[in-house]
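Remarks on the structure that follows.
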Amino acid sequence: MTAPPHPGRIDLKLRELPQLFNSMDPSPFLDRDLDQDAEEFIVSSARELPKGYPLELVIHLATPPDAERAADVESAVRHYFASRAEIKRREFRLLMRRGHVSLAIGLIFLAACLLASRVAVRVVHASAEDLVREGFIIVGWVAMWRPLEIYLYDWWPLRDEWRVLRRLAHMHVKLVLPRGA
């Protein structure tokens, strides 16, 4: 009988360790970006796993890696995801700041439109009164579209991605070498 797999485990099979990293990135090993396909696989796998468990990345290699690089893999992977999490945190804060500014502008514009609708009713001919009043009210509420969109919908995906990246920044990374290596 085999033990059930670790509920937070992500298995990644590679021929060699350099496949994990972007081959075009000239940075030192610890600062290198992950390969785009590897990152996408790891992130999408982490999203599917239960949230209550710590994550573990198990990299199955077909060829033994350089010992120095193998020792630094966990640090390099954690550093990469910590950097990405920080970028998402900044994007989230920027979106919230944009939401605050958009809300302030929208509320001021809505108030101006409501005031203009009252003034226009007194100035416009009685036959166009309803059209002008309702037009100003509609335009004022349309100005609230973007702040409402930010506060109701746009922040969820950023926050969720930020949380996944933070979890990945703390995951344990384990290399599984071929038998006899």
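The values are calculated or read from the model by the stated rules, or taken from the named source; none is laboratory data. Keep in mind that what you see is a predicted model, and the values were worked out from it rather than measured. Quick reminder, even Gly has a Cβ in these numbers, built from the backbone with ideal geometry, and neighbours come from all protein chains shown. Accessible surface is based on the protein model in full, side chains and every heavy atom, while ligands, DNA and RNA are left aside. Shrake-Rupley method; radii C 1.70, N 1.55, O 1.52, S 1.80 Å.
Classified by the C-alpha gyration tensor, region 1-96 has an oblate form. Its axis ratio a/c, with a ≥ b ≥ c, is 1.5 or above, and a/b does not exceed b/c. Amide H contacts for Val173 (H built 1.01 Å from N in the peptide plane; partners 5 or more residues away or on another chain; cut-off under 5 Å): Leu57. In this Cβ point-charge picture (+1 for Lys and Arg, -1 for Asp and Glu), region 137-181 has a dipole of about 420 debye about its Cα centre.
Calculated mean residue ellipticity, 222 nm, the chain: -20000 deg cm²/dmol, from DSSP H runs (n ≥ 4) at -39500 (n - 2.57) each, averaged per residue and rounded to 500.
Magnitude of the Cβ-charge dipole of the chain, K/R +1 and D/E -1, about the Cα centre, nearest 20 debye? Using only the charged Cβ atoms, the result is roughly 660 debye. Helix 36-48 and the longest principal axis of the C-alpha atoms of the chain enclose an angle of approximately 70°.
Spatially, region 105-158 and region 27-54 are offset by 45 Å when compared through their Cα centroids.
Here the contact order of the chain, divided by its residue count and restricted to Cα pairs under 8 Å and six or more residues apart, works out to 33 percent. With everything on Cα atoms, drop me the angle between helix 155-169 and the longest principal axis of the chain, reported from 0 to 90° to the nearest 10. The two axes meet at around 20 degrees. For Phe21, the residues whose amide H sits under 5 Å from its own are Asp35, ignoring neighbours fewer than 5 places away on the same chain, with H placed 1.01 Å from N. Here the alpha carbons of region 105-160 define both size measures, Rg and Dmax, at 15.3, 53 Å. Of the residues Glu149, Glu129, Glu56, the one that moves most in a GNM of the chain with alpha-carbon contacts below 10 Å is Glu129. Between the Cα long axis of helix 129-142 and the first principal axis of the chain there is an angle of about 20°, rounded to the nearest 10. Whole-Hz Karplus values for region 7-20 come out as x, x, 8, 10, 9, 10, 9, 10, 6, 8, 4, x, 5, 5 Hz, taken residue by residue from phi with 6.51 cos²θ - 1.76 cosθ + 1.60 and θ = phi - 60°; glycine and proline positions read x. Taken along its principal axes, the alpha carbon cloud of the chain reaches lengths of 92, 44, 21 Å, longest axis first. Think of a 1.4 Å ball rolled over the protein heavy atoms: the chain then has 66 Å² of accessible area per residue.
Across the options Gly52, Ala71, Leu20, the greatest Cα extent toward the positive end of the charge dipole of the chain (unit charges at beta carbon of Lys, Arg, Asp, Glu) belongs to Gly52. Using a probe radius of 1.4 angstrom, the carbon and sulfur fraction of the accessible surface of the chain is 60%.
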